[in-house]
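For reference, the structure discussed in these notes is given below.
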Amino acid sequence: MNADYLELTDLTVSFDGFVAVDHVDLTVLQGDLRFLIGPNGAGKTTLIDAVSGLVPATGRAEFGGQDLLGRKVHRIARMGVGRTFQTATVFEELSVLQNLDIAAGSGRSAWTLLRRRRGVPPSVAEAMETVGLTELADTPAGILAHGQKQWLEIGMLLVQDARLLMLDEPVAGMSGEEKEQTGHLLRRISADTTVVVVEHDMDFMRAFAKSVTVLHAGKVLSEGSVAQVQADPLVQEVYLGPGSHTAEEAAIVLGEGV
Amino acid sequence: MSEFDTAASRVSALRGRWAVLVGFGVAAVLLFAVAPAVLTSFRLGLLGKYLCYAMVAVGIGLAWGRGGMLVLGQGVFFGIGAYLMAMHLKLADAGADGVPDFMALISSSGVPGWWEPFRSGWVTLVAILVLPALLAALLGLATFRRRVRGAYFAILSQALAAAFAILLIGNPTATGGSTGLNNFVGFFGFSLRDPVNRQMLYFIAAGVLLAMLLLVRQLMVSRYGELLVACRDSEERVRFLGYDPATVKTVAFAVAAMMAGIGGALFVPIVGIISPNDVGIVPSIGLLIGVAIGGRTTLAGPVLGAIAVAWAETSLSEQFPSGWTYAQGLMFMLVVAFLPGGLASLGAVRGLRRKIAAADPTVAAETADGDPAPVPATEPRHAHGGAQA
Ligand SMILES: Nc1ncnc2c1ncn2[C@@H]1O[C@H](COP(=O)(O)OP(=O)(O)OP(=O)(O)O)[C@@H](O)[C@H]1O
Ligand SMILES: [Mg+2]
């Protein structure tokens, strides 16, 4: 299982000539918790889209030794690649339980599908506990609070048995305490999976990232530990504008650990 | 842990099951005991015709209400079933190696080769069950794979209905042209002139309709049913969970087509005529309107809506022949604008009030968790519940 890692080589996505992801090389090992940061429009979401099969890309995107590019979305998902969306996307008219049960079941036989669900599958019950939605099992997902929807999405990733998890701004709109819980959850998950988190929340990144990649205008600008990235003059320039900056200035934008 | 289940879901499932059981009991009594007792044989024949439409409606409820496919061309599948049956009846009436009466009248070249297999009753029955579903499966895979959705799928299915009607009219020697096929004498050895046999046909239609309802009910409460609703609400998301929504939707579309085909096949001996007027765009939309009015996401809504609309058409079009089409369009617009869940959602709203009064007001605030059908009949796409942002 230690062969699980994500390796992007020369990954490029262009929309009608506009290059949104520009020859990106990136390796994320199993056990890592990689944060992908960068200003708006840097290409973070597009990178995830390319790996998960939503937009066509050139180059290579290998996971577990197999190239993902050119495959259909649902095939990539079945290879153990799961993702969430910048705006939480759950099945609004289905209950929390139904959402999770569907996420858990892509391998089910036709016969199982044609029958009613009896009780709750253990993996679903466990995921509901983990993301704290057990009480809301029968609530339609559409009326969950925003943060709860994001947790539901994470829960769906868990039951999906994804080995590569890509989360697009998972804590946007969460309260401080919710962020804290999410961070610990991601830490736990990342122990034996490969996790990529896109985030704008610098405090959150500083608290939980194991490593960071900064993307700017489709290119990798900087990569390393949180401290290394924060100290990188290139990164400070992108976030603060050209010129030299004091540690205080950088701290305001990039967090206190500079 | 595996035995874990929420009390609320168990209670509502139990209540749902009872409601459905009672509903089926009432429907069976009405169809099998009350209707034959109180209706003249002419009226019973009319009801039988409506039941055939209702079979198409059950399928539309599944494909459109649950699967979100705007199936505007179900007349095609209805027509295939009907013409297959009509061909067989004409051949059977003509006797071994005989030529059906209308063919003998307008051409001397005899029975076309592709009619011949349908001299056999078994071949015909199998074809009725298989051909509409097969055509729908091919069409579904071809379009859903290419992610043809929404309006484009609707237009495509409608174009198919138009093309089918034109094809029928353009080949009078083989299909009876715009007159269609009629004057059937026997039905698998039974005389269609005998009122007892005609009543039997009505009973068959009633039984088949109830069986279809049971099948759709099972599909709705199954995991497949949940998956279908998920595809309707967010096809893209389903894909990222490792399913191919094209397959999921195609299954529902094929089942709907099969039901339409069976409805068409029974329509022929019950009504005694099938013509391009019964299979083109207008009847296809008429069927959809009944479903919309009844409530497309529910189990009983499509059936009741289709029967009500067909009944209203019979009664009203006698008095205002041309007004009916407009009345139908008006009803459709009213329902879509003010009651998107159809009349069935009125019941759901009542249920909701009861629920709010009884239960946690913060949770139930915006849903309309209806009766047996597990999914609200209305379609609020309200995004974020908004409690805490
Ligand atoms: N489907 C598309 N067609 C054309 N251009 C696109 C498309 N999707 C994204 N882009 C462009 O690609 C660039 C990168 O977008 P992307 O959404 O990946 O940025 P991001 O880093 O996720 O930004 P944010 O932090 O705002 O979410 C943007 O300039 C965007 O306008
Ligand atoms: Mg983004």
*asked:* Six or more apart or on different chains, Cβ atoms under 6 Å: show the pairs whose first residue is in region A:89-103 and of a type in the set (A, V, I, L, M, F, W, C) and whose second is assigned to a loop (DSSP other than H, G, I, E, B) and crowded, with 24+ Cβ neighbours inside 10 Å.
replied: A:ALA103/A:GLN160; A:ALA103/B:LEU241
_I'd like the full set of residues that are within 16 Å of ligand 2 (Cβ to nearest atom) and without any contact (Cβ under 8 Å) to a residue 40 or more places away in the chain, limited to region A:146-167._
none
*Does region A:168-194 hold any residues that are within 16 Å of ligand 2 (Cβ to nearest atom) and either over 14 Å from the mean Cα position of the chain (by Cα) or of a type outside the set (Val, Ile, Thr) (or both), and which are they?*
A:ASP168, A:GLU169, A:PRO170, A:ALA172, A:GLY173
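One line per residue, one yes/no per condition, for (1) surrounded by 24 or more Cβ atoms within 10 Å (Cβ to Cβ); (2) modelled with pLDDT of 95 or more:
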| residue | (1), (2) |
| --- | --- |
| B:PHE190 | no, no |
| B:PRO195 | no, no |
| B:ARG198 | no, no |
| B:TYR202 | yes, yes |
| B:GLY207 | no, yes |
| B:CYS231 | yes, no |
| B:ALA256 | yes, yes |
*asked:* Just checking, does region A:145-162 include any residue being facing chain B (nearest Cβ under 7 Å), outside any helix (DSSP H, G or I) and surrounded by 24 or more Cβ atoms within 10 Å (Cβ to Cβ)?
replied: yes
*asked:* Tell me yes or no: at least one residue of region A:21-31 is free of Cβ contacts under 8 Å to residues at least 40 places away in the same chain and either closer than 30 Å to B:PRO245 by Cα or surrounded by fewer than 17 Cβ atoms within 10 Å (Cβ to Cβ) (or both).
replied: yes
*Where A:PRO170 falls short, out of the listed (1) over 22 Å from A:GLY64 (Cβ atoms); (2) facing chain B (nearest Cβ under 8 Å)*: (2)
*For region B:298-313, state whether one or more residues are within 14 Å of chain A (Cβ to nearest Cβ) and either in a helix (DSSP H, G or I) or under 17 Å from B:ALA136 (Cβ atoms) (or both).*
no
*When you look at A:ALA88, is it within 16 Å of ligand 2 (Cβ to nearest atom), within 19 Å of A:LEU133 (Cα to Cα), buried (at least 22 other Cβ atoms within 10 Å of the Cβ) and not polar (S, T, N, Q), yes or no?*
yes
_For region B:85-95, check the following and say yes or no: at least one residue is in contact (Cβ under 8 Å) with a residue 40 or more places away in the chain, more than 27 Å from B:GLN218 (Cβ to Cβ) and surrounded by fewer than 24 Cβ atoms within 10 Å (Cβ to Cβ)._
yes
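For every residue, the table says whether it meets (1) in contact with a helix residue (DSSP H, G or I) (Cβ under 6 Å, 6 or more places away or on another chain); (2) crowded, with 23+ Cβ neighbours inside 10 Å.
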site: B:VAL279; (1), (2): yes, yes
site: B:GLY295; (1), (2): yes, yes
site: B:ALA310; (1), (2): yes, no
site: B:SER315; (1), (2): no, no
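Conditions tested, residue by residue: (1) within 16 Å of ligand 2 (Cβ to nearest atom); (2) of a type in the set (S, T, N, Q).
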site	(1), (2)
A:PHE35	yes, no
A:VAL51	yes, no
A:ALA61	no, no
A:GLN66	no, yes
A:GLY80	no, no
A:LEU97	no, no
A:ILE102	no, no
A:ARG108	no, no
A:LEU113	no, no
*Got a number for residues in region A:19-59 being of a type in the set (D, E, K, R) and either touching a Lys or Arg at 6+ places or on another chain (Cβ under 7 Å) or away from ligand 1 (no atom under 13 Å from the Cβ) (or both)?*
4
*asked:* Please determine whether any residue of region B:124-135 is over 23 Å from B:ALA252 (Cα atoms), buried (at least 22 other Cβ atoms within 10 Å of the Cβ) and among the aliphatic types (A, V, I, L, M).
replied: no
*Quick one: in region B:148-176, of everything that is in a loop (DSSP other than H, G, I, E, B) and without any contact (Cβ under 8 Å) to a residue 60 or more places away in the chain, which residue is farthest from B:VAL76 (Cα to Cα)?*
B:VAL148
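The values are calculated or read from the model by the stated rules, or taken from the named source; none is laboratory data. Predicted, not measured: the structure shown is a model, and the values here were computed from it. Every residue, glycine among them, receives a Cβ derived from its backbone with ideal geometry; neighbour counts consider all protein chains shown.
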